[in-house]
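Computed from the coordinates by the stated procedures, all read-outs in this text should not be read as laboratory data. What you see is a predicted model; the values in this text were computed from it and never measured. Positions of Cβ are generated from backbone atoms using ideal geometry, with glycine treated the same way; all protein chains shown enter the neighbour counts.
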Amino acid sequence: VVLKVNTCGVCGTDSHIYQGEFLVRFPVVPGHELSGEVVEVGSSVTHVAVGDWVTVDPNIVCGVCPYCRVGQINLCDNLHAVGVRMDGGFAGYCRAPAKQVYRLPEGMSLLEGAFAEPLACCLHGTDRAGLRAGDRVLVIGGGSIGLTMVQLALAAGASHVILSEPSESRRGLGVVLGATAALNPVATDVRGEVLELTEGGADLVIECAGTARTAEQAVACARKGGRVLFFGVAPEAAIAELRPYDIFLRELTILGSFVNPFTHQRALEALAKGRVKVEPLVSHRYPVAAFEEALAMSRSPQAVKVVVQPSLEEAAV
Ligand SMILES: [Zn+2]
Ligand SMILES: [Zn+2]
């Protein structure tokens, strides 16, 4: 399926690819959070047609490795992705294997469609973590992923959704989106505050900042018997200090989460019904020609979500 790209979100992975820190074969066009309008389909494609608005699940699995064979497709030994090893969405047009292409539900905007991939990854994380109604949840890190997790926790019926984030504007957005408390980790003792607010610790801590220190903090803020989800992508060499005795004594469950197995369709459902709002997360938009600027902005604390929209190019011409 060939689509005319409408929106492609900038993600941390794109920076890693750009800096050559990721196993990619250059040249490659990055961009794996994309939506667009179908302009061409292969002769045996029947589930989408020219003119349809679609989103792409970028992660392509082999179907025959030992992990695929038992349904753990995100752990596929031969995983590759649109925008990582194949050309992706930071371009006017993108070609994707038909089975990776999903039609947007009625009434959904193309901007929303571009968030299906990151939301699908978050859904796999909250599935893994067993997010439940009544949970007291702490989300560490208030970027677009953290603020998506805040909304998923609320949608699931969490009783407390506490956000820890140093940027004041992001904390403010967290509260607007429904966080029950927003803590500034630079100015407050996060663990002390969380223990007080939750009367003993969070049932579930979702780490979305991706640093060794916040990983340690995540473990420290969980209650006895609590769950800790490491969702933020830490630098490969980062090392956190964990006391095995503490994990043992407090019977903690520590979980990882990687990409989006079988959650892309659910992400579309949640977006279509407004359970997760993504438009407030968009802080900056750039044309493809300003890609370096978009990348730099995506790393700045003033940004929440940066998107690239090729139509901004046409508008500028
Ligand atoms: Zn991404
Ligand atoms: Zn496989």
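Before moving on, here are some points about what is shown:
- Selection status of VAL228, among the hydrophobic types (A, V, I, L, M, F, W, C), in contact with an Asp or Glu (Cβ under 8 Å, 6 or more places away or on another chain) and more than 18 Å from ILE145 (Cα to Cα): no
- Helices (runs of 4 or more DSSP H) completely within the stretch 23-142 that count 1 or more residues being touching a Phe, Trp or Tyr at 6+ places or on another chain (Cβ under 9 Å), among the small types (Gly, Ala, Ser) and away from ligand 1 (no atom under 16 Å from the Cβ): 116-129
- Lone qualifier among ALA234, ALA187, ALA218 - being in contact (Cβ under 8 Å) with a residue 12 or more places away in the chain and not in a helix (DSSP H, G or I): ALA234
- Search result, residues across the stretch 62-74 that are farther than 19 Å from LEU123 by Cα and either in contact with a Leu (Cβ under 7 Å, 6 or more places away or on another chain) or surrounded by 18 or more Cβ atoms within 10 Å (Cβ to Cβ) (or both): TYR67, CYS68
- Residue, farthest from the chain's Cα centre (by Cα), within the stretch 233-247, restricted to residues that are β-branched (Val, Ile, Thr) and farther than 12 Å from ARG213 by Cα: ILE247
- Among the conditions (1) within 16 Å of ligand 2 (Cβ to nearest atom); (2) of a type in the set (Val, Ile, Thr); (3) closer than 23 Å to GLY143 by Cβ, THR13 misses just one, which is (1).
- Subset of the stretch 158-184 (residues that are hydrophobic (A, V, I, L, M, F, W, C) and without any contact (Cβ under 8 Å) to a residue 24 or more places away in the chain): VAL175, ALA181, LEU183
- Selection of first residues in the stretch 124-147 that are farther than 18 Å from LEU197 by Cβ and touching a residue at least 40 places away in the same chain (Cβ under 8 Å) and of second residues that are among the aromatic types (Phe, Trp, Tyr) and outside any strand (DSSP E or B), restricted to Cβ pairs under 6 Å at least 6 apart or on distinct chains, gives the following pairs, ordered by first then second residue: GLY125/PHE231.
- Set side by side, the residues ARG285, ARG223, ARG275, ARG213 differ, and just one is under 28 Å from LEU197 (Cβ atoms) and part of a strand (DSSP E or B), which is ARG223.
- Qualifying position, being assigned to a helix (DSSP H, G or I) and either more than 17 Å from VAL54 (Cβ to Cβ) or touching a helix residue (DSSP H, G or I) at 6+ places or on another chain (Cβ under 6 Å) (or both), among PRO261, PRO280: PRO280
- Here PHE262 meets the list (1) exposed (fewer than 15 other Cβ atoms within 10 Å of the Cβ); (2) in contact with a Gly (Cβ under 9 Å, 6 or more places away or on another chain); (3) more than 27 Å from ASN74 (Cα to Cα) almost entirely, failing just condition (3).
- First in the stretch 75-101 and surrounded by 15 or more Cβ atoms within 10 Å (Cβ to Cβ), second anywhere and of a type in the set (Ser, Thr, Tyr) and in a strand (DSSP E or B), Cβ under 9 Å, 6 or more apart: GLY89/THR7; GLY89/SER35; VAL101/THR55
- Any chance GLY9 is surrounded by fewer than 24 Cβ atoms within 10 Å (Cβ to Cβ) and either within 14 Å of ligand 1 (Cβ to nearest atom) or within 25 Å of PHE231 (Cβ to Cβ) (or both): no
- For THR253: the one exception among (1) touching a residue at least 12 places away in the same chain (Cβ under 8 Å); (2) closer than 19 Å to ALA120 by Cα: (2)
- Neighbours by Cβ (under 6 Å, 6+ apart or cross-chain): first from the stretch 30-56, on the phi < 0 side of the Ramachandran plot; second within 16 Å of ligand 2 (Cβ to nearest atom) and assigned to a loop (DSSP other than H, G, I, E, B): HIS32/PRO58
- Within the stretch 129-148, considering residues that are within 13 Å of LEU173 (Cα to Cα) and in contact with a strand residue (DSSP E or B) (Cβ under 6 Å, 6 or more places away or on another chain), the one surrounded by the fewest Cβ atoms within 10 Å (Cβ to Cβ): GLY146
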